[in-house]
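Below is one structure, written out as structure tokens; comments come after it.
Derivation of every value follows stated rules applied to the coordinates shown; laboratory data play no part. All values derive from a computational prediction rather than experimental measurement. FYI the Cβ positions are ideal-geometry reconstructions off the backbone, even for glycines, and counts take in every protein chain you see.
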């Protein structure tokens, strides 16, 4: 389940979405509710809204993780109701980015002011576009050396034939908007500077070439966050399995750069990034580690220190499954049989007398029975450990393969663990599903629909989001 709050004019809403994996191992989601939430968002009031919705859908004892942004009262409310809490990874990464940007002083503010100045003037925006169109019309030389092409790419000159582009103004609450703004300013450096000179506004961008260099370093340090956010925002694949390796990689890379980077400015930037990331992500939540272990592409192979912890938590979850579904360990054991000896008893049976069974046949028969009994005893003693060992020894899924397809193909071999996998892998890494609902709601609650009631908005979104289930 994921939940988040949204405000529009004088209304405040709470959105809730449900996520699950069906029998065909396909990831599905649906809108559960969009509630008009008047008054203050206190934890008790939030619980009074969430609990009836969960009960109406029969999900009270089925929620493995409740994803929220961590900034409001949705998280504490879900935690108080006994739903395991999972903080939206994208939201937390954005907080790290904003903290870093605030600590950079005025360099980002300076470039932001230049963007605001140009965007606020239609004439400047028009001139910016005209400069790009002029560059677009210029034909490239017919023969360009490979080295010259490489220099052009390193200098950041864009492919003007794909333009024109407009400047982007960041919004603190919009994920990755700052790095998008910086990348666009860097790409359009020449035309932005010419535009400010033309309209005598160059004082707005009173920066040196060293400032431009630092801006590129800042954008470079923030781009991994944008890539991570893109991975965590998917809706067609399991995203929770990638959280631990990606976040762990961000921390490890930032820590390495803080010690090895030559540039002192960049070194201090990565040091601050390391501290902030560790403060937000340590200790690592159990659900991340279990989800990563259940991903057959890596199974924590590069993080062996966490493997025992994952197995311990997974064992607890699998034993809970056995309490609910004891029939998962009651499948009959198939005893291997050999080719019947002409005139003799069939191996695997005790037909005839002892005198009818040769010593070799009797030895084979005892071997087969002992092997079958040992397998049965292993399942009876600890079927959970048997499945974990079997899973660990199975062939991995290719890095570009579908983990849900892998589980579909191996479900019969891992019946208990497959149930846990279905419950864990459907937990969304971010609150993107709720954000998508809010985007649709923003289109519906337009200026000419400002009298649309909350119930009409809810019904319209419910029909649009869940038409496949109705």
Requested in this report: Evaluate the distance, in nm, between pseudo-label points positioned 7 Å from the Cα of residue 41 and of residue 213 along their respective Cα→Cβ axes.
Outcome: 4.4 nm
Report task. Provide the three semi-axes, in whole Å and in decreasing order, of the ellipsoid equivalent to region 98-241 as defined by the square roots of 5 times the Cα gyration tensor eigenvalues. Result -> 27, 22, 16
Query raised in the report: How would you rank 16, 317, going from fewest to most other Cβ atoms within 10 Å of each one's own Cβ?
Result: 317, 16
Report summary line: Two pseudo-spin positions, 7 Å from Cα along C-beta at residue 126 and at residue 199, lie apart in nanometres by 1.1 nm
**Report entry** Contour minus Cα-Cα distance for residue 252 and residue 325 (0.36 nm per residue)
**Finding:** 22.2 nm
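Stretched out fully, how many nm does the piece from residue 271 to residue 136 gain, at 0.36 nm a residue minus the Cα gap? Before the final figure, lay out each step's value.
Working: separation 135, 0.36 × 135 = 48.60 nm, distance 4.12 nm.
Extra length available between residue 271 and residue 136 comes to 44.5 nm.
Could you list 400, 242, 315 in order of exposure, starting from the residue whose Cβ has the fewest other Cβ atoms within 10 Å? Mind dumping the intermediate values first?
Numbers: 400 6, 242 22, 315 16.
Final ranking by Cβ density, sparse to dense: 400, 315, 242.
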Requested in this report: For region 254-313, just run the numbers: alpha carbon Rg, then divide by 2.2 N^0.38 Å, N being how many residues it has.
Outcome: 1.45
Query raised in the report: Would you list 462, 237 from fewest to most Cβ contacts within 10 Å?
Result: 237, 462
Report task. Can you pull a Stokes-Einstein diffusion coefficient for region 207-253 at 4 °C (1.567 mPa s), Rh from Kirkwood over Cα pairs, as a whole number of µm²/s? Result -> 105 µm²/s
Requested in this report: Post the alpha-carbon centroid distance, region 261-310 to region 47-120, in whole angstrom.
Outcome: 20 Å
Report summary line: When all Cα-Cα pair distances of region 28-69 are considered, the percent exceeding 12 Å is 69 percent
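Averaged across orientations, what area in nm² does the convex hull of the alpha carbons in region 222-275 project?
Numbers: hull surface 15.1 nm².
That works out to 3.8 nm², a quarter of the Cα hull's surface.
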Query raised in the report: So if R0 is 22 Å, what FRET efficiency would residue 7 and residue 169 give, r being the distance between their Cβ atoms, rounded to the nearest 0.05?
Result: 0.60
Query raised in the report: Any idea what the relative contact order of region 235-311 is, in percent, if you count C-alpha pairs under 8 Å spaced at least 6 apart?
Result: 32 percent
